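Single-structure report; data block below.
The values are calculated or read from the model by the stated rules, or taken from the named source; none is laboratory data. All values derive from a computational prediction rather than experimental measurement. Here the Cβ is made from the backbone with ideal geometry for all residues, glycine too, and neighbour counts use every protein chain on show. Heavy atoms of the whole protein, side chains included, go into the accessibility calculation; ligands, DNA and RNA do not. Shrake-Rupley method; radii C 1.70, N 1.55, O 1.52, S 1.80 Å.
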Amino acid sequence: MTAMEPIGDCGNGYDPPCPPGIENDVFLMAGAVISIAVGSIMTWGVGLAVAVVAAGVAALVYSQTVPTNLRTGEFVTAAVCFGLLAVGIAMGLAAVRGAAAKRRAVEEQITEQARFKQRATMVAATVAALRDTGTTVDDNPHAAITVRYTRRDGTTAEVETVQVVPRLEIPRRGDPATVWYDSLTGKAIAELGSPESRSAPATLRDAPRPQ
């Protein structure tokens with residue numbers, strides 16, 4: 001970058017002629033850019049960070065060896081490099097915090113579901129409908145599955161669960177499912193598979209509720 005700076009100020013008919021051999025700087029910079037790009041891909045961006053830091057430091061060092069009227073460009077180059085580095089670090093930290101927050105949310109959801117199952121009523125249910133959400137995970141569809149179940153008071157209800165299903169084992173209408181529901185709050189969650197597959201009886205059961 002430093003070697004390329006003089007090109008815009010020479011050989012244009014107004015400024016002094018370009019120094020001999022400056023055309024080779026184009027190839028030098030092109031090679032550097034390609035090397036940085038390849039290194040960044042191979043090192044998951046670490047190579048780019050190293051290159052930015054090296055460019056910023058080089059610009060600061062080079063600014064002490066050029067005439068005073070040419071130092072502004074070097075300082076601008078250094079500021080841009082360190083500014084990009086700061087932005088990259090901020091984005092990286094934000095991504096890490098976001099991933100950690102999502103992981104905690106998933107863990108909390110799993111824990112809450114486990115607690116809910118312990119206190120809820122479990123019943124056998126059946127698949128009533130299936131809807132493709134248009135999303136796939138590892139080539140397996142992310143499906144919205146409507147499950148129909150019967151409560152202890154004899155009323156029929158439905159609950160929808162969204163989950164990834166194997167492409168070769170797409171559930172069909174009438175397939176067995178299991179529902180856990182709370183008659184007080186009306187909350188219900190469903191999973192594919194019969195209660196027997198969970199080593200539990202298919203009949204209704206009430207878990208003890210906290211007093």
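Is segment 80-102 home to any residue that is open to solvent by less than 80 Å² (accessible area, probe 1.4 Å), outside any helix (DSSP H, G or I) and among the aliphatic types (A, V, I, L, M)? No.
For segment 160-180, the set of residues classified as loosely packed, with under 13 Cβ neighbours inside 10 Å and among the charged types (D, E, K, R) consists of Arg167, Glu169, Arg172, Arg173, listed by residue number. Put simply, of Ala124, Ala128, Ala94 the only residue that is modelled with pLDDT of 90 or more and in contact with a helix residue (DSSP H, G or I) (Cβ under 6 Å, 6 or more places away or on another chain) is Ala124. When segment 160-187 is filtered for residues that are free of Cβ contacts under 8 Å to residues at least 40 places away in the same chain and part of a strand (DSSP E or B), the ones remaining, listed by number, are Glu160, Thr161, Val162, Gln163, Val164.
Take Thr72 and tell me if it is among the polar types (S, T, N, Q) and open to solvent by 50 Å² or more (accessible area, probe 1.4 Å). For Thr72, the condition - among the polar types (S, T, N, Q) and open to solvent by 50 Å² or more (accessible area, probe 1.4 Å) - is met. Within the bounds of segment 134-150, is there any residue that is open to solvent by less than 90 Å² (accessible area, probe 1.4 Å), in contact with a helix residue (DSSP H, G or I) (Cβ under 7 Å, 6 or more places away or on another chain) and assigned to a helix (DSSP H, G or I)? The answer is no, given that none of the residues of segment 134-150 is open to solvent by less than 90 Å² (accessible area, probe 1.4 Å), in contact with a helix residue (DSSP H, G or I) (Cβ under 7 Å, 6 or more places away or on another chain) and assigned to a helix (DSSP H, G or I). A search for C-beta distances below 8 Å between a residue of segment 53-65 that is under 8 Å from Ala78 (Cβ atoms) and any residue that is at pLDDT below 85 and among the basic types (Lys, Arg), counting only pairs 6+ apart in sequence or on different chains, returns Ser63/Arg71.
So that you can scan it fast, the table gives a plain yes or no per residue for (1) touching a residue at least 24 places away in the same chain (Cβ under 8 Å); (2) under 30 Å from Ser197 (Cβ atoms); (3) under 18 Å from the mean Cα position of the chain (by Cα):
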position	(1), (2), (3)
Glu74	yes, no, no
Ala86	no, no, no
Ala101	no, no, yes
Glu107	no, yes, yes
Ile110	no, yes, no
Ala114	no, yes, no
Arg131	no, yes, no
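So is Ala157 in contact (Cβ under 8 Å) with a residue 24 or more places away in the chain, in a strand (DSSP E or B) and open to solvent by less than 70 Å² (accessible area, probe 1.4 Å) or not? Considered against the rule, which asks whether it is in contact (Cβ under 8 Å) with a residue 24 or more places away in the chain, in a strand (DSSP E or B) and open to solvent by less than 70 Å² (accessible area, probe 1.4 Å), Ala157 comes out as yes.
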